[in-house]
1. In nanometres, what is the gap between the two model label sites at B:Asp230 and A:Ile97, each 7 Å from Cα along Cα-to-Cβ?
2. Please list, in chain and number order, the residues 5+ apart from B:His254 or on another chain whose amide H is under 5 Å from its amide H, with Hs placed from the backbone.
3. Label the protein assembly as shown by shape, choosing from rounded, prolate and oblate, from the square roots a ≥ b ≥ c of the eigenvalues of the Cα gyration tensor; if a/c is under 1.5 it is rounded, and otherwise prolate applies when a/b is larger than b/c, oblate when it is not.
4. Using a simple charge model, +1 on the beta-carbon of Lys and Arg, -1 on the beta-carbon of Asp and Glu, nothing else, what dipole does region A:144-293 show about its Cα centre, in debye to the nearest 20?
5. In region A:144-293, carbon and sulfur make up what percent of the accessible area (probe 1.4 Å)?
6. Given H placed on each backbone N at 1.01 Å, which residues far from B:Thr164 in sequence or on other chains put an amide H within less than 5 Å of it?
7. Determine which aspartates and glutamates satisfy two conditions relative to A:Lys225: a Cα distance under 16 Å, and not lying fewer than 8 residues away in the same chain.
8. Along the positive direction of the dipole of region B:144-293 (beta-carbon charges: Lys, Arg +1; Asp, Glu -1; about the Cα centre), which of B:Gly241, B:Ile257, B:Ala169 reaches farthest?
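The values are calculated or read from the model by the stated rules, or taken from the named source; none is laboratory data. On a predicted model such as this, the values are computed, not experimentally measured, just so you know. In this analysis, Cβ positions are derived from the backbone assuming ideal geometry, glycine residues included, and neighbour counts consider all displayed protein chains. When the accessible area is computed, the model is the full protein with side chains, heavy atoms only, and any ligands, DNA or RNA have been set aside. Shrake-Rupley method; radii C 1.70, N 1.55, O 1.52, S 1.80 Å.
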There are 2 protein chains.
Amino acid sequence: MGDTSSEVLVVRNKQVIFKNYVNGYPKASDMEVTSDATIRLELPKDGSLILSKNLYLSCDPFLRGRMSKATEASYIESFTPGSPLSGFGVARVLESIHPDFKKGDLFWGIINWEEYSLITDTQTLVKIQHTDVPLSYYTGILGMAGLTAYAGFHEICKPKKGDTVFVSAASGAVGQLVGQYAKLYGCYVVGSAGSKEKVDLLKNKFGFDDAFNYKEEEDLNAALKRCFPDGIDIYFENVGGKMLDAVLSNMKVHGRIGVCGMISQYNRDIPEPSYALGLIILKRIRMEGFLVFEHNHLYPKLLETVLPLIQQGKINYVEDTVEGIENAPDALVGLFTGKNIGKQVVVIAHE
Amino acid sequence: MGDTSSEVLVVRNKQVIFKNYVNGYPKASDMEVTSDATIRLELPKDGSLILSKNLYLSCDPFLRGRMSKATEASYIESFTPGSPLSGFGVARVLESIHPDFKKGDLFWGIINWEEYSLITDTQTLVKIQHTDVPLSYYTGILGMAGLTAYAGFHEICKPKKGDTVFVSAASGAVGQLVGQYAKLYGCYVVGSAGSKEKVDLLKNKFGFDDAFNYKEEEDLNAALKRCFPDGIDIYFENVGGKMLDAVLSNMKVHGRIGVCGMISQYNRDIPEPSYALGLIILKRIRMEGFLVFEHNHLYPKLLETVLPLIQQGKINYVEDTVEGIENAPDALVGLFTGKNIGKQVVVIAHE
């Protein structure tokens, strides 16, 4: 770009604006897609380090927390009403004065939900080195969700070959990967999901040994007993609530519960109670919560391990992709009713 | 003793008989102290290995579990209606054909609640080598409760110098020791108990940095915030229920909860619900249950460490002692209403 301002393109910059703090289930109308903003496609001299063109947005359950007013227990900032949402995504560098990123580079990390961004905080950004896989994979299997599954399963659940593993929300971005990592590790793996289609996916696409539709089970305890007559060694917890209590009743002695998320609880004013904690003593269970950002050091190992698995077809990965930033609000809220099948991705632009 | 049966003493053998399975709080009338039985003070040739004179009985919360009908989740057998209770205690060998125990030896381990016993199962019995401390200590600080505190604090809670530590039921057999081990480790220690007298004991006898009477706090959350303005690193869980939820709200990031017991829940048909499990994720908390019998290998280390602490007066230990096996039922049920101050011991005989 030249020095003459008349040469600089000014373009529309569609944004997904966060309207106000949310109680209960989020609705698409809690966000607004506006075409009002424009942006000069030039890096201003205001401290911005990168001008990006945003390509893929990742819809993740943790964004629900950012839609609530922050509390003492929040580990991440709330969204600012009137400003765009932000979350993990993939983008291309249009201009950069950051030494690690040059024009044309691709990266993943936290970006605003808008077509173009001026970025000052680059600490979450990771340069994409391998482009022989779909770029959108960096919103999932090669991004935050992938690292969550990889680190959570290996570091927190500490699997042993032959362990029996249960994964809830098993067809989701994280669950489908945990199940496959567990299979690759030599475990017996069962998953739960919320529709017949998802259950079929678990059994036929992701290679789970068994799976069930939790919405069609009258008694979760009985379903787990059927799938794990000798009990569960590892539970990868994504949902919370009644499922957790049913799992506690079916854990083996010295079982491990890696607590990744509790999506069934995120939209409730008062969480669903747990009645089964006494079993933690009787069964000497270890239950441990984790957040992926404390495991970033494992990312190079993930790439080294998982890229070949993808290339050799030894791991399957299913995305639920919607086209167009204007569909991002619907895609995000759909997560909380289980509308998505696989990893929910929004395409802003393909390149 | 000679071969002639006329020389063998036959004595009364008072027993505490378990009457029937208990629901809710146990009552002294759930047991019966009988003087009907007699015993020949001679080892019969029926497979019995040791004839013991029983000296001290230990009243422990875990015995409540043995008063309920066994369920799938039980880790220990229920008592048999019509037979004596059994539990940890100290006894003296009157006769033995077991190679490790000879006449006159003292031991601790699981014994029947009766004056004399014929013992066939010796696997829990530990010979007492050091008798320069009160023998009753082997029901507590140098016995099961002591090992529970020692192993639970060091192995499960994994303390670091300077950690803030909260102990519930802190004046009990285990709690008083956990608090003191934590102080010796260089931690900041606060305890909760159920009376002013117990709170005074925590502060003045056991050296806790602070303590509160949970029965006089309207808001447990506020009490913990007052005692731990910067949060709790380690919670040694003895009570469960509302206290656990209040603690979860006050844990620091990467806090550890060693789950030893939940005495507030043992007499409830339906456990009190927990609503705060989501915090396990946000705060990356590790919560781990344990049972002392899996840590028996630490007992020699406990003796090596704790005997000198006792001898040098660096650790205090308070027992609540009742004389006479006929008072054992009252002593045991008193545990569940917090009647005891310190470790509850029943003296059958002093030697």
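1. 3.9
2. Residues meeting the criterion, in which the H sits 1.01 Å from N, are B:Arg284, B:Ile285.
3. prolate
4. 400
5. Details: 2730 of 5260 Å².
After summing per-atom areas, the C and S share lands at 52 percent.
6. B:Tyr188, B:Asp233, B:Ile234
7. Here the aspartates and glutamates satisfying the reach criterion relative to A:Lys225 are A:Asp163, A:Asp209, A:Asp210, A:Glu216, A:Glu217, A:Asp233, A:Asp245, B:Glu72.
8. B:Ile257
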